[in-house]
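One structure is given below, encoded as structure tokens.
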Amino acid sequence: MSVELHAHPRAHRIGEVILSVENVSLAFGGVKAITDISFDVREHEVRAIIGPNGAGKSSMLNVINGVYHPQHGRITLKGRTFTDMHPHRAASMGIARTFQNIALFKGMSVLDNIMTGRNLKMKTNFLQQALWVGPARREETEQRRAVEQIIDFLEIQHIRKTPVGRLPYGLQKRVELGRALAAEPELLLLDEPMAGMNVEEKQDMCRFILDVNDHYGTTIVLIEHDMGWSWTSRTAWWCSITARRSATARPTRCAPTRP
Amino acid sequence: MGQDIGNQDTFPKLLLRHARERGARPAIREKALGIWQTWTWLELAGEVRAIAHGLSAMGFKRGDHLALVGDNRPRIYAAMCAAQCLGGIPVPLYQDAAAAEMAFPIRNAGIGFALAEDQEQVDKLLEILPDCPMLEHIVYDDTRGMRHYSQPQLTSYDALREHGSRLNAADPGFVETEIAKGRGEDTAAMFFTSGTTGNPKGVVLTHAALIDRAGVAARMEGLNDTDVVLAYLPPAWIGQNIFSYAQPFATGYCICCPESAETVMTDMREIGPSYYFAPPRVLEALLTTVSIRMEDAGALKRALYRRFMSVARRVGARILDGKSVGLADRLAYALGDLLVYGPLRNVLGMSRVRVAYTAGEAIGPDLFVFYRSIGINLKQLYGSTETSVFVCIQPNGSVKPDTVGPAGEGVELRFTPQRELLIRSPGLFKEYYRNPQATAEAKDPEGWFHTGDAGYFDADGHLKIIDRAKDVGKLADGTLFAPKYLENKLKFFPYIKEAVTFGDGREGVCAFVNIDIEAVGNWAEKKNLPYSGYTDLASREEVRALVRECVEQVNADLAGEPEIANSQIRRFLILHKELDADDGELTRTRKVRRGFIAERYAELVDAMYAGRESVHVEAQVKYEDGRTGSISADLRIGDAQTFASAAARRAA
């Protein structure tokens, strides 16, 4: 088993459709959250979902990784079609996400939080880990190496052992990105990764997200309100979801600009 | 004990010797992915060999310059040595310099090769490329983000090393042959001094000069290959280079490169260096952190800290100096060491520090004594880029807070009639690169280096630096007047933020003072003194009394120094506004512009010398949004008591 996080040696060209959402509708009782939405996401691209408050953006992400189950429509992920997803299946098929409201273990260190993202990569069982015997020990060393690579990538060495609850908001967001990356996802869902940040934190976050896409080739779907944040140097594709309106989102190319 | 450096007269030759004699001992450690990785001397030598081959294949020849732009990394130091193996000259540049600032050194030295740490540094070099067409090869270390670069100048360090390794396998004797061609009098490195006026100057230092000075200090402190140093200051600064390149090569000790600038404190605790250097501002920041954390500690811990720090203040420094101290105090100190000083040293990462130096600017006596009193052997040294750092070092057992120690081994010192310090030492620089005029001004035909610093020897023959020579004046009676020295003495009080002294050509010294609004504000709150702002607080009678106490204490100190006892401060006034760089009264680095202030506030200066009690002032101020306004106030001038000098008292 190799736990090296390999950067793809070739430049990541936008590839085939990796995720496609067809005619998805989601309602909670009488409240229609999403109505007949279709779009697709190609491998290695960065796709932003935009729309006004209540448009159903976060619900869309929740549908993709299986937290919500839509009443209508289909989701095709890596060639397999589902009427609904389950979080566990989504995770094992390479989807990782971050949340709008940070969902980290506040009392645990940055290192341990990111380590939780390696959960699915651990092969030893609970008993072995609890007793800290041979294979569990070796495995932890290997997993730690992968986590350290992420710490290095996100430049958070100085807070490695700091409890997450003591960190400023911007750094917590970065740690959450780190935990998502620890799962080595093919598809990364980011729910408002820059909400509530100051200008400098936003710039940093923006750079890290593009670096993740560039370095690991991860496909990224993100929700962001702040349209001022032009995504530097990379092609970003945007699609808009508007509630209650059947809108087959048309991706439009966003001209790369320099901040 | 100190190593004999015998006929190893260049750094590459020293490297070969260490690889032979202590090949398995650590040379450089770097924290990678959270774990300290060690390069032994043998591995370092192998790396240097490969890089030397690689550089040579790129066309790097004897006498060529290699710019190094980056933080302390093993690879930066390996490349430095590789360049020296080929008879080339490494030129470390400040990694936080703006792109435009890098253009001058590169043009000045005609640098054709550069090693950049990462994308950020590469971007800067590419930006100045149009101005610096001679820069033909840029080697970068960290490959992150570099995939999209296609400039023909770029090569990755890994590719360079791999190519070099292959060449080395084919021709293993090449590097040794090249190293054997090196001589001690060859140029070892070039450092650009931060030119406060005009362009920076490239200081050319030879292998012989650097090795000599590194060895002298190492012998004096008994450094050996078990010592450990944390390399955390910019490699482009000569001091860092001495501590993390010249001295390890001279003695075989190990340097450790921190993970990043933010992790220095943690890394220091993990490594526990035995030899340490910090400029006063770093020491001050550390002390502030400690003080703040003590304020937040529980009542018991606070009480212990206060109790034992007062013991330390009383006897700590004397115990460190090996002077006689009563048994009761010794016991109290030993208990304090167990409960407070030991844990404190541990928190600071200084548990194993045998020798610590500070230099660069005047250090406040309280700050200096704090570290010594908790058992850290902090000492001052004096030197500059042109002297390969070591000119004076305080010897163990006779450390004083206000001198920099006697002349080091091999150093001759003397003063011009204007009090400027001249130095002759084996560590002196060869020249300023391509600047014969500046070289001739700084180094006279007999080999004396004109430092531009003014000072004198105290009664024990320790050098005392008081000011820049050009700022030193004379009072009407001929007494030496060193404004910065007096101002620093005033500024060491927490209540005084800035001070400006006048006295050149006058009969006595007068001073302007800016109070520190936070310190004095706190003091006022404790005294239940209401105030509305700076101007109001500064005009309080009570505050004037507070400042007078400070001034009088400075005067009492000065009375003990016969050379300048007459320059005691007779009158002072507290300025109605804070001196500000926006108003041109301070430089951007917060140094007072004495001449400008004297002119601008001529009325106030005259009033002080005319013996008036108070003076009305109206001043223009520039607000941050660009508008101007004016402040008017009646300033009262205070008289301070002066003391008869110690010499005069003895005579009487």
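The values are calculated or read from the model by the stated rules, or taken from the named source; none is laboratory data. Computed from a predicted model, the values in this text were never measured in an experiment. Glycine gets a Cβ as well: all are built from the backbone with ideal geometry, and neighbour counts include every protein chain shown. Accessible surface areas use protein heavy atoms only, side chains included; no ligands, DNA or RNA. Shrake-Rupley method; radii C 1.70, N 1.55, O 1.52, S 1.80 Å.
In the set (1) under 19 Å from B:ARG183 (Cα atoms); (2) buried (at least 23 other Cβ atoms within 10 Å of the Cβ), B:GLY54 fails one condition alone, (1). Residue selection: A:LYS202 fails the criterion of being out of contact with any helix residue (DSSP H, G or I) (no Cβ under 6 Å at 6 or more places or on another chain) and either within 14 Å of chain B (Cβ to nearest Cβ) or surrounded by 22 or more Cβ atoms within 10 Å (Cβ to Cβ) (or both). Of all the listed residues (B:ALA598, B:ALA646, B:ALA633, B:ALA619), the sole one being at pLDDT below 85, of a type in the set (Gly, Ala, Ser) and under 34 Å from the mean Cα position of the chain (by Cα) is B:ALA646.
For (1) within 14 Å of chain B (Cβ to nearest Cβ); (2) at pLDDT below 85; (3) closer than 30 Å to B:GLY145 by Cα, each residue gets a yes or a no:
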residue: A:VAL17; (1), (2), (3): no, no, yes
residue: A:ARG42; (1), (2), (3): no, no, yes
residue: A:ALA48; (1), (2), (3): no, yes, yes
residue: A:MET60; (1), (2), (3): no, no, no
residue: A:ILE64; (1), (2), (3): no, no, no
residue: A:GLY73; (1), (2), (3): no, no, no
residue: A:GLY79; (1), (2), (3): no, no, no
residue: A:PRO87; (1), (2), (3): no, no, no
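Against the condition surrounded by 21 or more Cβ atoms within 10 Å (Cβ to Cβ) and either modelled with pLDDT of 95 or more or in contact with a helix residue (DSSP H, G or I) (Cβ under 7 Å, 6 or more places away or on another chain) (or both), how does B:SER373 come out, does it pass? Yes.
Residues that are open to solvent by 20 Å² or more (accessible area, probe 1.4 Å) and of a type in the set (A, V, I, L, M) within region B:429-464 comprise B:ALA440, B:ALA459, listed in sequence order. Out of (1) crowded, with 16+ Cβ neighbours inside 10 Å; (2) more than 29 Å from B:LYS430 (Cα to Cα); (3) of a type in the set (Asp, Glu), the odd one out for B:GLU386 is which? Here B:GLU386 clears every test but (2).
Annotation: of all residues in region B:592-620 being part of a helix (DSSP H, G or I) and open to solvent by 70 Å² or more (accessible area, probe 1.4 Å), the one that is nearest to B:LYS484 (Cα to Cα) is B:PHE596. For the condition buried (at least 21 other Cβ atoms within 10 Å of the Cβ), away from every other protein chain (no Cβ under 14 Å), in contact with a Pro (Cβ under 9 Å, 6 or more places away or on another chain) and more than 30 Å from B:ASN435 (Cβ to Cβ), B:ILE76 does not qualify. You will find that of A:LEU104, A:LEU26, A:LEU111, A:LEU61, the residue that is touching a Phe, Trp or Tyr at 6+ places or on another chain (Cβ under 8 Å) and not small (Gly, Ala, Ser) is A:LEU26 and no other. Only residues that are open to solvent by 10 Å² or more (accessible area, probe 1.4 Å) and within 16 Å of A:ASN101 (Cα to Cα) were counted across region A:175-197, and they come to 5. The requirement of being among the small types (Gly, Ala, Ser), modelled with pLDDT of 95 or more and closer than 30 Å to A:VAL212 by Cα is satisfied by B:SER156. Total residues in region A:209-225 satisfying the condition of being of a type outside the set (Val, Ile, Thr) and in contact with a Leu (Cβ under 6 Å, 6 or more places away or on another chain): the figure is 1.
Matching residues to (1) open to solvent by less than 10 Å² (accessible area, probe 1.4 Å); (2) more than 25 Å from B:ALA476 (Cβ to Cβ); (3) in contact (Cβ under 8 Å) with a residue 60 or more places away in the chain:
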position: B:VAL543; (1), (2), (3): yes, yes, no
position: B:GLU552; (1), (2), (3): no, no, yes
position: B:ASN555; (1), (2), (3): yes, no, yes
position: B:GLN568; (1), (2), (3): yes, no, yes
position: B:ASP580; (1), (2), (3): no, yes, no
position: B:GLY584; (1), (2), (3): no, yes, no
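B:ALA109 satisfies every condition listed in (1) open to solvent by 50 Å² or more (accessible area, probe 1.4 Å); (2) touching a Phe, Trp or Tyr at 6+ places or on another chain (Cβ under 9 Å); (3) closer than 22 Å to B:ARG62 by Cβ except (1).
Results for (1) in contact with a Lys or Arg (Cβ under 9 Å, 6 or more places away or on another chain); (2) modelled with pLDDT of 95 or more; (3) within 14 Å of another protein chain (Cβ to nearest Cβ), shown as yes or no for each residue.
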position	(1), (2), (3)
B:TYR149	no, no, yes
B:ARG166	no, yes, no
B:ALA169	no, yes, no
B:THR193	yes, no, no
B:VAL204	yes, yes, no
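Of all residues being among the polar types (S, T, N, Q) and crowded, with 16+ Cβ neighbours inside 10 Å in region A:18-45, which is farthest from A:ARG74 (Cα to Cα)? Just the residue, please. Out of the qualifying residues, it is A:THR35. Counting the residues of region B:465-484 that are open to solvent by 20 Å² or more (accessible area, probe 1.4 Å) and either in a loop (DSSP other than H, G, I, E, B) or within 14 Å of B:ARG506 (Cβ to Cβ) (or both) gives 5. The residues of region A:46-67 that are open to solvent by 10 Å² or more (accessible area, probe 1.4 Å), touching a helix residue (DSSP H, G or I) at 6+ places or on another chain (Cβ under 8 Å) and either in a strand (DSSP E or B) or under 18 Å from A:LEU187 (Cα atoms) (or both), listed by number, are A:ILE50, A:ASN65, A:VAL67.
Listed conditions (1) in contact with a Phe, Trp or Tyr (Cβ under 9 Å, 6 or more places away or on another chain); (2) at pLDDT 90 or above are all met by B:ASP467, apart from (2). One residue alone among B:GLU30, B:GLU101 is under 20 Å from B:GLN240 (Cβ atoms), within 14 Å of chain A (Cβ to nearest Cβ) and either outside any strand (DSSP E or B) or open to solvent by 30 Å² or more (accessible area, probe 1.4 Å) (or both), and that residue is B:GLU30. Inclusion of B:ARG588 among residues that are open to solvent by 80 Å² or more (accessible area, probe 1.4 Å), in a loop (DSSP other than H, G, I, E, B) and out of contact with any strand residue (DSSP E or B) (no Cβ under 9 Å at 6 or more places or on another chain) is warranted.
Does A:ARG97 meet the test of being away from every other protein chain (no Cβ under 14 Å) and open to solvent by less than 70 Å² (accessible area, probe 1.4 Å)? Yes, satisfied.
Number of residues in region A:143-170 that are surrounded by fewer than 20 Cβ atoms within 10 Å (Cβ to Cβ) and within 12 Å of chain B (Cβ to nearest Cβ): the value is 10.
Here is a check on your reading of the model: is B:LEU68 open to solvent by less than 10 Å² (accessible area, probe 1.4 Å), away from every other protein chain (no Cβ under 14 Å) and not in a helix (DSSP H, G or I)? When the stated conditions are applied, B:LEU68 passes them. Please find, among B:PRO395, B:PRO417, B:PRO426, B:PRO343, the residue that is part of a loop (DSSP other than H, G, I, E, B), out of contact with any helix residue (DSSP H, G or I) (no Cβ under 6 Å at 6 or more places or on another chain) and modelled with pLDDT of 90 or more. The unique qualifying residue is B:PRO395. Evaluation of A:ASP226 against the conditions (1) open to solvent by 10 Å² or more (accessible area, probe 1.4 Å); (2) at pLDDT 90 or above; (3) among the charged types (D, E, K, R) shows that the sole unmet condition is (2).
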